[in-house]
Amino acid sequence: RVYFREDAYVRWHNTNEQFTVEEFIQANCEYPGEWEGEIQRLEKIEDLVIAVVRVRAKDDAVSFHVVSFLKIEQDKICAIDEYWSEDGQVPQWRKEKRIGQKIERKTPMRLF
């Protein structure tokens with residue numbers, strides 16, 4: 001809570017939801033399962049912070065990549081727009097065409 005302005009909001013565009021700070025905290029605290037996250041990229045452009053994070057279930061059942069755009073005013077978050085995508089396998093048609101290659105990953109920062 002201390003990182004947010006009182007009137008801040010968070011939008012999850014993939015599910016067309018907008019949350020107050022309290023709802024966002026509740027949604028994250030009560031989300032089923034145990035999760036880990038790794039920051040893969042962090043950029044700052046004036047009052048905007050862009051974070052790319054891999055979030056995965058601790059049992060490796062599922063993982064996601066999320067891109068978050070955090071708007072900062074007076075050193076507090078006033079808005080977050082997040083875009084979630086479930087990680088998956090390369091589609092068969094691209095395998096058959098033999099296009100693309102694996103991304104070489106750097107060591108990520110641990111988020112939680």
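Determine whether TRP93 is in a strand (DSSP E or B), open to solvent by 70 Å² or more (accessible area, probe 1.4 Å) and either free of Cβ contacts under 8 Å to residues at least 12 places away in the same chain or in contact with a strand residue (DSSP E or B) (Cβ under 8 Å, 6 or more places away or on another chain) (or both).
On the way: in a strand (DSSP E or B): no; open to solvent by 70 Å² or more (accessible area, probe 1.4 Å): yes; either free of Cβ contacts under 8 Å to residues at least 12 places away in the same chain or in contact with a strand residue (DSSP E or B) (Cβ under 8 Å, 6 or more places away or on another chain) (or both): yes.
The answer is no for TRP93.
Please indicate, with yes or no, whether at least one residue in the range 71-79 is at pLDDT 95 or above, part of a strand (DSSP E or B) and under 11 Å from the mean Cα position of the chain (by Cα).
Checked against the condition, which is being at pLDDT 95 or above, part of a strand (DSSP E or B) and under 11 Å from the mean Cα position of the chain (by Cα), the range 71-79 yields no hits at all.
Give the number of residues within the range 6-55 that are surrounded by 13 or more Cβ atoms within 10 Å (Cβ to Cβ) and hydroxyl-bearing (Ser, Thr, Tyr).
2
Among the residues of the range 42-54, is any out of contact with any strand residue (DSSP E or B) (no Cβ under 8 Å at 6 or more places or on another chain), modelled with pLDDT of 95 or more and part of a loop (DSSP other than H, G, I, E, B)? Outline the logic, then answer.
Quick first cut of the range 42-54, residues out of contact with any strand residue (DSSP E or B) (no Cβ under 8 Å at 6 or more places or on another chain) only: 45-46.
So of that shortlist, the ones also modelled with pLDDT of 95 or more come out as 45-46.
Imposing the further condition that a residue be part of a loop (DSSP other than H, G, I, E, B) reduces the set to 46.
Yes, the range 42-54 contains at least one residue that is out of contact with any strand residue (DSSP E or B) (no Cβ under 8 Å at 6 or more places or on another chain), modelled with pLDDT of 95 or more and part of a loop (DSSP other than H, G, I, E, B).
In the range 43-89, how many are touching a residue at least 60 places away in the same chain (Cβ under 8 Å) and not polar (S, T, N, Q)? Step through it out loud before you land on a result.
Restricting attention to the range 43-89, the residues satisfying the condition of being touching a residue at least 60 places away in the same chain (Cβ under 8 Å) are 73-74, 76-85.
Going one step further and asking which of them are not polar (S, T, N, Q), we end up with 73, 76-84.
Adding up the residues that qualify gives 10.
The values are calculated or read from the model by the stated rules, or taken from the named source; none is laboratory data. Predicted model only: the values in this text are computed from it and were never measured. Please note: Cβ atoms are built from the backbone with ideal geometry, for glycine as well, and neighbour counts cover all protein chains shown. Heads up: the accessible areas ignore ligands, DNA and RNA and are worked out on the full protein's heavy atoms, side chains in. Shrake-Rupley method; radii C 1.70, N 1.55, O 1.52, S 1.80 Å.
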